[in-house]
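Visitor: Mind looking over this structure? Questions follow.
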Amino acid sequence: MIDFIRSLGRWGLDTLQRLGSGHLFLWYMVKGIPEVLLRFSLVIQQLQSVGVRSVMIILVSGLFVGMVLGLQGYNTLVDFGAEESLGVLVSLSLVRELGPVVSALLFAGRAGSALTAEIGLMKSTEQLSGMEMMAVDPIRRIIAPRFVAGIISMPLLAAIFSAVGIFGGFIVGYGLLGVDDGAFWSQMQVKTDWYDDVLNGVIKSIVFGVVVTWIALFEGYDASPTSEGVGRATTRTVVHSAFAILGLDFVLTALMFGEI
Amino acid sequence: MPLIKIRDLHFYRGDRAIFDGVNIDIHRGKITAIMGPSGTGKTTLLRLIGGQLRPDSGTIEVDGQDVHKLSHAGLYELRKRMGMLFQSGALLTDISVFDNVAFPLREHTDLPESMIRDLVLMKLQAVGLRNARDLMPAELSGGMARRVALARAVTLDPMMVMYDEPFTGQDPISMGTIVNLIHRLNDAMGLTSIIVSHDVMETTEIADVIYLLSAGKVIESGSPVQLRRSSSQWVQQFIQGLPDGPVPFHFPGVDFADDLLSSEVSA
Ligand SMILES: Nc1ncnc2c1ncn2[C@@H]1O[C@H](COP(=O)(O)OP(=O)(O)OP(=O)(O)O)[C@@H](O)[C@H]1O
Ligand SMILES: [Mg+2]
């Protein structure tokens, strides 16, 4: 019993300590941002590896998610004779929820895990301390550009996801199920609001971008410098990111759309 | 006044004292060697000097500044004037040999690319790897990687260089070259050099002063000649590499016989 309490206490302290160092880490990253913006070539390199390389998985997943939405939405709407509203259903689901959330989950799996592994490996091969001894602060030189690239990439990827998804929904609705295409697009245009829907979706995806990239970079930087440690950190990135995305999504949705 | 002044240094890893009251002076323009059995904390000492680790007590002054009282910016300013050759090389794996050596220049100076090229090629020439400049670090052998790291450590023309095991993994020819190079850098550029090494022969050849460390203390210090004449059994054993004597070869802990006789089976 005493042992149990003791290990509970230790776990609590460790968690608190990691939370503390995680926030400190965020602060250092943020402090490094102005310098990074002046040397934007560093960010562009990272946009390539963090953002561009995630485009394929986003395109494919977005298309299929949109197609499934088209099918499921049609089956429900047709009972009420409201299949003309398929466009609204598809676009609102994507722009408000699925676009930001699913693309952030994919981003965590594709880019987040890669970031953690990269930074963790750089740490375990002493590249980061080597840099420190060359008077180059790794947080500014290595971490901050990746952070900025992640924040820029995420909303763009979410936008691509939603656009492709709407197109997928249209293919299914118009091509397969015979929904009127004029009604599909015009209802979508009328009912999807720039501020309430699109802007809120963008805000969500920026928040997710910050959180996922932060988690991924911190896990890599904090990984114990062994192959096992880097492996564990990579797993943690994906798991913690998923929790963070889904939890934050609830909070943000409640704030934006719920009448709370 | 010495360039580096270490006073009453204490440093612990867990409960184990790595340094237990160490005093070291490193004089300007001299080559100072730090020697001692594997695992005594030589690398740790260099990291303490570079400000990557904090002592539990005691002070380390470099060029009159207490390393561990400096601000972040102050520490980075000081590090620009320190070169360090890591035991593992610590090259950046995603850029070429050339870019690795150019890295400190590009980060800290506004030199035009043509001048950077000349400087880098000069440094690479000195370690015999000018024609390996387009290789990636993964394509280098261990000894080559270390020579690239050596070239990188001196690109900014620092006031001092810390070499962690510069001779390991070198064939006799490149070993000779590196010994010469360290010597030449030291004399021609007025560098202060700290060498951590096990290679008694090479080290005694170029070192002006040697510190022998063991069990957290400085066991002996002095010029190579003084050490060779030392009456201490410990020093003689270490310098001559004799298997028997007072220098512990084993990591401290339970006696071997007790270990074999004990019935405790680790899970
Ligand atoms: N990260 C660490 N955590 C815990 N203990 C460590 C760590 N790094 C080193 N040590 C311990 O500190 C001691 C000194 O290590 P250090 O690397 O300084 O030895 P060294 O003298 O450079 O040895 P070598 O000649 O083999 O390179 C070792 O006994 C090691 O067990
Ligand atoms: Mg060492």
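The values are calculated or read from the model by the stated rules, or taken from the named source; none is laboratory data. As the structure is a computational prediction, the values presented were derived from the model and not from experiment. Every residue, glycine as well, gets a Cβ built from its backbone with ideal geometry; the counts of neighbours run over all protein chains shown. When the accessible area is computed, the model is the full protein with side chains, heavy atoms only, and any ligands, DNA or RNA have been set aside. Shrake-Rupley method; radii C 1.70, N 1.55, O 1.52, S 1.80 Å.
Visitor: I need the chymotrypsin sites (Phe, Trp or Tyr not before Pro) found in the stretch A:49-85, filtered to DSSP loop residues with at most 10 other beta carbons within 10 Å of theirs. Write out the running numbers ahead of the final one.
Guide: On the way: sites: A:PHE64, A:TYR74, A:PHE80; in loops: A:PHE80.
Here the sparse-neighbourhood loop sites are A:PHE80.
Visitor: Can you run phi through the Karplus equation (6.51, -1.76, 1.60; θ = phi - 60°) for the stretch A:14-26 and list ³J(HN,Hα) in whole Hz, with x for Gly and Pro?
Guide: Residue by residue, the stretch A:14-26 yields 4, 4, 4, 5, 5, 4, x, 5, x, 6, 4, 4, 4 Hz.
Visitor: Starting from the alpha-carbon convex hull of the protein assembly as shown, give the projected area averaged over all orientations, in nm². The partial results should precede the final answer.
Guide: On the way: hull surface 136.8 nm².
Averaged projected hull area, Cα only: 34.2 nm².
Visitor: Using unit Cβ charges (K, R positive; D, E negative) and no other charged atoms, how large, in debye to the nearest 20, is the dipole of the protein assembly as shown about its Cα centre? Could you put the intermediate results ahead of the total?
Guide: Values: 41 positive and 53 negative charges, 239 e Å.
Result for the protein assembly as shown is approximately 1140 debye, rounded to the nearest 20.
Visitor: Lysines within cross-link reach of B:LYS42: Cα-Cα under 23 Å, excluding same-chain residues under 8 positions apart?
Guide: A:LYS123, B:LYS5, B:LYS30, B:LYS69, B:LYS80, B:LYS217
Visitor: Moving on. Which value in nm describes the separation of the simple spin-label points at B:ASP208 and A:THR226, placed 7 Å from the Cα toward the beta carbon?
Guide: 4.3
Visitor: Looking at the stretch B:4-230, what % of its DSSP beta bridges pair antiparallel, to the nearest 5?
Guide: 55
Visitor: Then there's this: With +1 on each Lys and Arg Cβ and -1 on each Asp and Glu Cβ, and nothing else charged, work out how big the dipole of the stretch A:2-256 is about its Cα centre, in Debye to the nearest 20. Please list the in-between numbers first.
Guide: On the way: 16 positive and 20 negative charges, 183 e Å.
In total the dipole reaches around 880 debye.
Visitor: Near the amide H of B:LEU85, under 5 Å away, which other amide H atoms are found, from residues 5 or more places off or on another chain, if H is placed in the peptide plane?
Guide: B:MET162, B:TYR163, B:ASP164
Visitor: Could you order peptides B:218-226, B:106-114, B:143-151 by the average number of other Cβ atoms within 10 Å of their residues, highest first? Working shown, then result.
Guide: Values: B:218-226: 15.8, B:106-114: 11.6, B:143-151: 24.0.
With the highest mean Cβ count within 10 Å placed first, the list reads B:143-151, B:218-226, B:106-114.
Visitor: Roughly what would the spin-label model give for B:THR44 and B:GLN240, points 7 Å off Cα along C-beta, in nm?
Guide: The answer from the label model is 3.0 nm.
Visitor: Another question, if that's okay. Please report Rg over Rh for the stretch A:27-177, where both radii come from the alpha carbon positions and Rh follows the Kirkwood definition.
Guide: Details: Rg = 20.2 Å, Rh = 17.2 Å.
Here Rg/Rh amounts to 1.17.
Visitor: Where the only charges are on Cβ atoms (+1 Lys, Arg; -1 Asp, Glu), what is the dipole of the stretch A:108-205 about its Cα centre, to the nearest 20 debye?
Guide: On the way: 7 positive and 9 negative charges, 63 e Å.
Roughly 300 debye, rounded to the nearest 20.
Visitor: Rolling a 1.4 angstrom probe over the protein heavy atoms, how many square angstrom per residue are accessible across chain A? Present the calculation step by step, with values, prior to reporting the outcome.
Guide: Details: 12780 Å² over 260 residues.
Here the residues of chain A average 49 Å² of exposed surface.
Visitor: With 26 Å as the cut-off, how large is the P(r) tail for the stretch B:4-230, expressed as percent of Cα-Cα pairs?
Guide: Working: 9363 of 25651 pairs.
Percentage above 26 Å: 37.
Visitor: Given an 8 Å cut-off on Cα distances and at least 6 residues of separation, report the relative contact order of chain A as a percent. Display every interim value, and only then the final one.
Guide: On the way: 336 pairs, mean separation 81.9, N = 260.
Relative contact order for chain A comes out at 32 percent.
Visitor: Find, among the chymotrypsin sites (Phe, Trp or Tyr not before Pro) in the stretch A:156-260, those assigned to loop by DSSP (not H, G, I, E, B) with at most 14 other beta-carbon atoms within 10 angstrom. Show your work: numbers first, answer last.
Guide: Numbers: sites: A:PHE161, A:PHE167, A:PHE170, A:TYR174, A:PHE184, A:TRP185, A:TRP194, A:TYR195, A:PHE208, A:TRP214, A:PHE218, A:TYR221, A:PHE243, A:PHE250, A:PHE257; in loops: A:PHE257.
Here the chymotrypsin sites (Phe, Trp or Tyr not before Pro) that fit, given the DSSP loop and packing criteria, are A:PHE257.
Visitor: Take A:ASP193, project a point 7 Å from its Cα along the Cβ direction, then tell me which residues of the stretch A:160-179 have their backbone nitrogen under 12 Å from it.
Guide: It comes to no residues whatsoever.
Visitor: Report the net charge of residues surrounding A:VAL202, where surrounding means a beta-carbon distance below 15 angstrom and charges are Lys +1, Arg +1, Asp -1, Glu -1. Before the final figure, lay out the partial values.
Guide: Numbers: positive: A:ARG96, A:LYS204; negative: A:GLU97, A:ASP193, A:ASP196, A:ASP197, A:ASP249.
That sum, taken over residues with Cβ under 15 Å, equals -3.
Visitor: Count, for each residue of A:134-140, the Cβ atoms from other chains sitting within 10 Å of its Cβ, then give me the mean as a whole number.
Guide: Working: counts 17, 13, 8, 6, 0, 0, 0.
Averaged over the peptide's residues, the number is 6.
Visitor: Still on this model: Nearest 10 degrees, 0 to 90: what angle lies between the long axis of helix A:227-256 and the longest principal axis of chain A (Cα atoms)?
Guide: Computed tilt is about 50 degrees.
Visitor: How much of the DSSP beta bridge set in the protein assembly as shown is antiparallel, as a percent to the nearest 5?
Guide: Values: 20 of 37 bridges.
Once the DSSP bridges in the protein assembly as shown are tallied, antiparallel ones form about 55 percent.
Visitor: Given H placed 1.01 Å from N in the peptide plane, which residues other than close sequence neighbours of B:ILE18 have an amide H under 5 Å from its amide H?
Guide: Distant-sequence amide H within range of B:ILE18: B:PHE11, B:TYR12, B:ARG13.
Visitor: Let me ask something else. Set the Förster distance to 41 Å, then compute FRET efficiency between B:TYR12 and B:ARG228 from the Cβ-Cβ distance, nearest 0.05. Could you put the intermediate results ahead of the total?
Guide: On the way: r = 33 Å, r/R0 = 0.81.
Approximately 0.80, to the nearest 0.05.
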